[in-house]
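These notes are about the structure you will find just below.
The values are calculated or read from the model by the stated rules, or taken from the named source; none is laboratory data. This is a predicted model, so every value here is computed, not measured. Note: ideal-geometry Cβ built from the backbone for every residue, glycine included; neighbour counts use all protein chains shown. Surface accessibility is based on the protein's heavy atoms, side chains included, excluding ligands, DNA and RNA. Shrake-Rupley method; radii C 1.70, N 1.55, O 1.52, S 1.80 Å.
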Amino acid sequence: MKLQRTNRLRSLAAGAVAVSGALVLTACGTDNQSGQQGQNAQPVGDIACEGKGNLLASGSSAQANAMDVWIKNYQSACAETKVNYKPTGSGAGIQEFLQGTTAFAGSDSALEPEEIKQSQKICKGGQAIDLPMVGGPIAVGYNLPGVENLVLDAETIAKIFDSKISQWDDPAIKKLNPDADLPSTKIQAFHRSDDSGTTDNFTKYLNTAAPDAWTYEPAKQWTAKGGQSADGSSGIATNVKQNEGAIGYFELSYATGNEIPAVALDTGAGEPVQATTANASKAIAEAEIVGQGKDLALELDYTTKAEGAYPLVLVTYEIACDKGNDKATLAATKSFLNYMASGDGQKAITDIDYAPMPEEIITKVRETVDGLS
């Protein structure tokens, strides 16, 4: 079963990647918007406006740029609903949701078993579930004037962020970049200061792909030695851009938006793999749905050696109750989530360096959102 699913996702991703220019989600045809639309629903393109008032959400900063686009488009069609998303970080977003202060949360990591159990206090008669909504590469950005097309592997990245490699002309970096004129500049490695799903995915990659070099357990909170911290992906990107010799990790949109070059990964494939949405989609297609019931949590393959697959990826989930959502915001929550998962919603963010979900996954998301109660 796992092999069949993986093959299906690979073929779907291959079809999406084949589209020239910006990646377009393959499921851009007619979407099944909420099957329980109220009589006052007003379809506008792929947006069916339901509910009104203020819709509060918080969490992942990785999806902040995507949220800006989604909210702008949604509110231009649905003026009676105001969506307020605060990119407080995945950890803070989950906690606020579990405290009942938000309608949904954004997280770059799937819920832990204890968080699902805790959610039953908020989701009366149900529990919180993970809805994979957007993906993309985690770029390893660097500031090293005169050095282009830098290549690193998981082991070398692990040693850099664990302060075991401290200069840019280290033999390990030279071996991977024999033609580069590497300076003796001191490396300044920046990591997140807040609880972060991006950190969780970054450390899962290091722990899985380079277990001998990265012995720390993956976590939202940074646990390695040394380095410098900054708040949010934007904070790391700002520090990397301003400090020569700096290196950090953040979503690709923060790299391109700040004109920060990104490392190509030596994965063991024939050629180093660039951090692009197309290459991230190839890696996401290796994922398996491992959530139970309506939960759509994914298990990513961080060690793939498939040609052109960039394994340092994250998937951002929207977290909501399968049952027991707040009646005051349920209609608006479903309406907004349905737009995010729709063909138009997914297509809208491919132009800003986010990768679409494979069709099999996003179809399940739409079906699940329709059934929220």
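What the table below lists for this structure:
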read-out: Sparse-neighbour loop sites [GluC sites (Glu not before Pro); segment 90-180; at most 14 other C-beta within 10 Å; DSSP]; value: 148
read-out: Mean Kyte hydropathy of -0.5 or more with a Cα span along the axis of at least 15 Å, helices from DSSP in the chain; value: 2-17, 64-77, 232-242, 327-341
read-out: Segment 181-245: C-alpha gyration tensor shape, a/c 1.5 cut-off, then a/b vs b/c; value: oblate
read-out: Difference of contour (0.36 nm per residue) and Cα-Cα distance, residue 167 to residue 221; value: 16.9 nm
read-out: Gain upon complete extension [residue 184, residue 120; 0.36 nm per residue less C-alpha separation]; value: 17.6 nm
read-out: Counting DSSP beta bridges with both ends in the chain, the antiparallel % (nearest 5); value: 60
read-out: Gyration tensor (alpha-carbon) shape descriptor, segment 325-373, a/c threshold 1.5; value: oblate
read-out: Residue-level accessible surface for residue 366, protein heavy atoms, 1.4 Å, Å²; value: 20
read-out: Straight-distance crosslink candidates among aspartates and glutamates, where the alpha carbon sits under 16 Å from residue 86 and sequence neighbours closer than 8 are dropped; value: 68, 96, 108, 194, 195, 231, 318
read-out: Only Lys, Arg (+1) and Asp, Glu (-1) charged, at Cβ; the chain dipole about Cα centre in debye; value: 720
read-out: Full-extension gain in nm, residue 303 to residue 271, via 0.36 nm per residue minus C-alpha separation; value: 10.0 nm
read-out: Exceeding the 20 Å Cα-Cα cut-off - candidates 294/364; 174/305; 82/327; value: 174/305
read-out: For the chain: span of alpha carbons on each principal axis (Å, largest first); value: 67, 40, 39
read-out: At most 15 other Cβ within 10 Å, DSSP loop - trypsin sites (Lys or Arg not before Pro), segment 88-158; value: 121, 124
read-out: Highest average packing first - 133-139, 273-279, Cβ atoms within 10 Å; value: 133-139, 273-279
read-out: R0 of 41 Å, Cβ-Cβ distance residue 76-residue 112: FRET efficiency to nearest 0.05; value: 0.65
read-out: For segment 209-272, size of Cβ-based charge dipole, Lys and Arg +1, Asp and Glu -1, in debye; value: 220
read-out: Charge dipole magnitude, Cβ of K and R +1, D and E -1 - segment 92-137, Cα centre, debye nearest 20; value: 240
read-out: With DNA, RNA and ligands ignored, accessible area of residue 82 (1.4 Å probe; Å², nearest 10); value: 110
